[in-house]
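Here's the structure we're looking at; comments come further down.
The values are calculated or read from the model by the stated rules, or taken from the named source; none is laboratory data. Here the structure is a predicted model, which is why all the values come from computation and not from measurement. Cβ placement follows ideal geometry from the backbone for every residue including glycine, while neighbour counts extend to all protein chains displayed. What goes into the accessible areas is simple: the full protein's heavy atoms, side chains included, and nothing from ligands, DNA or RNA. Shrake-Rupley method; radii C 1.70, N 1.55, O 1.52, S 1.80 Å.
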Amino acid sequence: MNIENYISEAVRQSVEALYGPLGDEQLQIQKTRREFEGDYTLVTFPLLRRSRKSPEATATEIGEYLTTHVAEIRAYNVIKGFLNLSLDGTFWASRFTELAADERYGEAPSTGRTVMIEYSSPNTNKPLHLGHIRNNLLGYSVAQILKANGHTVIKANLVNDRGIHICKSMLAWKLYGGGETPESSGMKGDHLVGKYYVEFDKHYKAQIKELMAAGQTEEDAKKNAPIMREAQEMLRRWEAKDPEVYSLWETMNGWVYAGFDVTYKALGVDFDKVYYESQTYLLGKSLVEEGLKKGVFYRRPDNSVWIDLTGDGLDEKLLLRGDGTSVYMTQDLGTAYRRFEDNKLDDMIYVVGNEQNYHFQVLKLVLKKLGYAEWSDHITHLSYGMVELPEGKMKSREGTVVDADDLIADMVQTAREMSAELGKLDGCTEAEADAVSTMVGLGALKYFILKVDPKKTMLFDPRESIDFNGNTGPFIQYTHARICSVLRKAAESGIEVPAGIVPTVSLLPEETDLIKTLTEYPATVKAAGDNFAPSIIGAYVYDLAKQFNGYYHDHSILREEDASVRGMRLALAQQVARVIRKGMLLLGIEVPERM
């Protein structure tokens, strides 16, 4: 049952019985604010022209009618023009039994819409870092939430495997690598290639310094540095399919992909489709040629191709360099075309940092001008803020990033140390301790990042994220494990957990509140999907766990002597654990049964 629809219909019938047909008028019904008594509130002000009475008198009249004619509404109170309605325990017991019996609770029926969500999008010139972690966790979680909302979801990764930045790593390895490989160095392939990206930058800066000392301006020195000119030449040779350059590119990218796969597996994220810029940039180039013929783009004297968007409040945008090599926009046009054409998408979501806001504004506008407005109108840029550390921002070129592999390992190790200190691993085998530490470490990392609104820049503090108290993943995981322990003890004692609540059992206010929170889970999943915001799920699950912990502290479950009450409390605890588990899985977080 949709509770708000039920309340709305009961109120509509009552208002019409009192004041006549309402027609298409919408009733204003909302959840009662926490500081007032009640479950749902009717705003009576829009009804005054029909009742021709004061707000208080109108609310009182409707409240009297409802409590007399609707059995489930046990009481009402009036605050000015607001009518607060309280539903009885039998109503909430029935709602609990319904949700407990629903195997797909919180999962919407199919919408028939196909949505692609692109996340990760790494460059093959360096390993994944903390910023990539936020991107991957956000993308994966939004994909899970959209699935729960009934969409067919395609999780996609676009690998930036070509361009000048890739050539920088390749050239530095060729000049200074001495044939080093992942096998000979013992390094993960992505780390090895990243090492040479940093090496390129070091030599590039030294050459700029020399040229400036010889009298060149900084701008000229950056253009004329021999190592940069060699990298640009390497890019031209790559686009010309030079066998030597192409072979080196394939080899080094292969090292990186093997490294990425290890990191993705550790993070618990995956993809349904992987696109490579090297396979879409030529299609992008053909779209640029098409745009030139249509007069959408224009060519400058240096042979570069541009689009003038000043009439749309933007600026002029480069699409092809003078030497014929492509830019990000070129390949993004090709990739967008390929995805919509091949997958018959209804929506395309890009999970990309907020520094690319302008880029996606331009991408949508260029697609529209090329005649693909239907696609353009269904592109969403899920823009998110950067992740910063107490020490400040990260810089890949300078090698000052927080490496994803190192961070994951550190989180698991910290989780093990803190769990052991608190006695949460007592009685665990070594294998169980490893499994719990991994689950808690990754749960702490994922929850800490996903609980923040995606649009906000966030400060990541690893140790704070593993606190077993407060708004953290481990607190929620521990609540789940605590409930599982209670349910195990009940099973060992031969106590069965009933499927629902016996109507004759009186519910305490705290128990009714827990049931009310449980009934809000489907609406929470919908809101998270509508807003592409895992933080909505995170806030809900934390509130549910905190609410249960307060209840558990104040009321006995297994020691309750009344069998019906004990059964109700066990059933309630079981459903709290189930909804915590479902909600956390939407965040990509596993919850342990023992801890």
For TYR6 and ARG488, what does the FRET efficiency come to when R0 = 51 Å and r is the distance between their Cβ atoms, rounded to the nearest 0.05? 0.90
Strictly over 29 Å apart at the Cα level, which of LYS265/LYS424; LYS265/LYS516; LYS424/LYS526; LYS446/LYS546; LYS80/LYS582; LYS223/LYS317 would you flag in this model? LYS265/LYS516; LYS424/LYS526; LYS80/LYS582
Considering Cα pairs under 8 angstrom that are at least six residues apart, work out the relative contact order of the range 1-63 and quote it in whole percent. 26
Between ASN357 and ASP554, what FRET efficiency comes out of the Förster formula 1/(1 + (r/R0)^6) with R0 = 60 Å and r the beta carbon distance, rounded to 0.05? 0.80
With all protein chains present, the range 24-170 has a carbon and sulfur share of its accessible area (1.4 Å probe) in percent of 47
When the helices in the chain are scored as -39500 (n - 2.57) per DSSP H run of 4 or longer and the sum is shared across all residues, what 222 nm value do you end up with, to the nearest 500 deg cm²/dmol? -18500 deg cm²/dmol
Counting other Cβ atoms within 10 Å, keep those with at most 10, restrict to DSSP loop, and tell me which trypsin sites (Lys or Arg not before Pro) in the range 257-349 are left. LYS344
Extension gain ASP312-ALA75, at 0.36 nm per residue separation less the Cα-Cα distance, in nm? 79.5 nm
Please compute the length gained on full extension between SER54 and TYR298, using 0.36 nm multiplied by the number of residues separating them and subtracting their Cα-Cα distance. 81.0 nm
Carbon/sulfur fraction of accessible area - the range 321-360, other protein chains in place, 1.4 Å, %: 44
For the range 443-537, which GluC sites (Glu not before Pro) pass both filters: DSSP loop (anything but H, G, I, E, B) and at most 14 other C-beta atoms within 10 Å? GLU496
Computed about the Cα centre, the charge dipole of the chain from +1 Lys/Arg and -1 Asp/Glu charges at the Cβ has a magnitude in debye, to the nearest 20, of 1060
If a paramagnetic tag sat 7 Å from the Cα of VAL274 along the Cα-Cβ line, which residues of the range 123-144 would have the backbone N under 13 Å from that point? 123-124
How far, in nm, would the chain grow between GLU561 and THR114 when pulled straight, counting 0.36 nm per residue and subtracting the alpha carbon separation? 155.7 nm
Using a Förster radius of 45 Å, what is the FRET efficiency between ASN531 and THR217 based on their Cβ-Cβ separation? Nearest 0.05, please. 0.40
Relative to the first principal axis of the alpha-carbon coordinates of the chain, what is the inclination of helix 473-492, with its axis defined by its Cα atoms, in degrees from 0 to 90 and to the nearest 10? 50
Of the accessible area of the range 484-595, computed with a 1.4 Å probe and all protein chains kept, carbon and sulfur make up a percent value of 49
So what is the accessible area of the range 108-185 per residue, in Å², with the probe set to 1.4 Å? 27
At q = 0.11 Å⁻¹, the log10 of I(q)/I(0) for the chain from a Debye sum over equal Cα scatterers comes to -1.11
With a 1.4 Å probe and every protein chain left in place, work out the accessible area per residue of the range 224-327 in Å², rounded to a whole number. 49
Per residue, how much accessible surface does the range 410-526 expose to a 1.4 Å probe? Answer in Å², no decimals. 45
Please state the relative contact order of the range 160-269 as a whole percent: Cα pairs under 8 Å, 6+ residues apart? 37
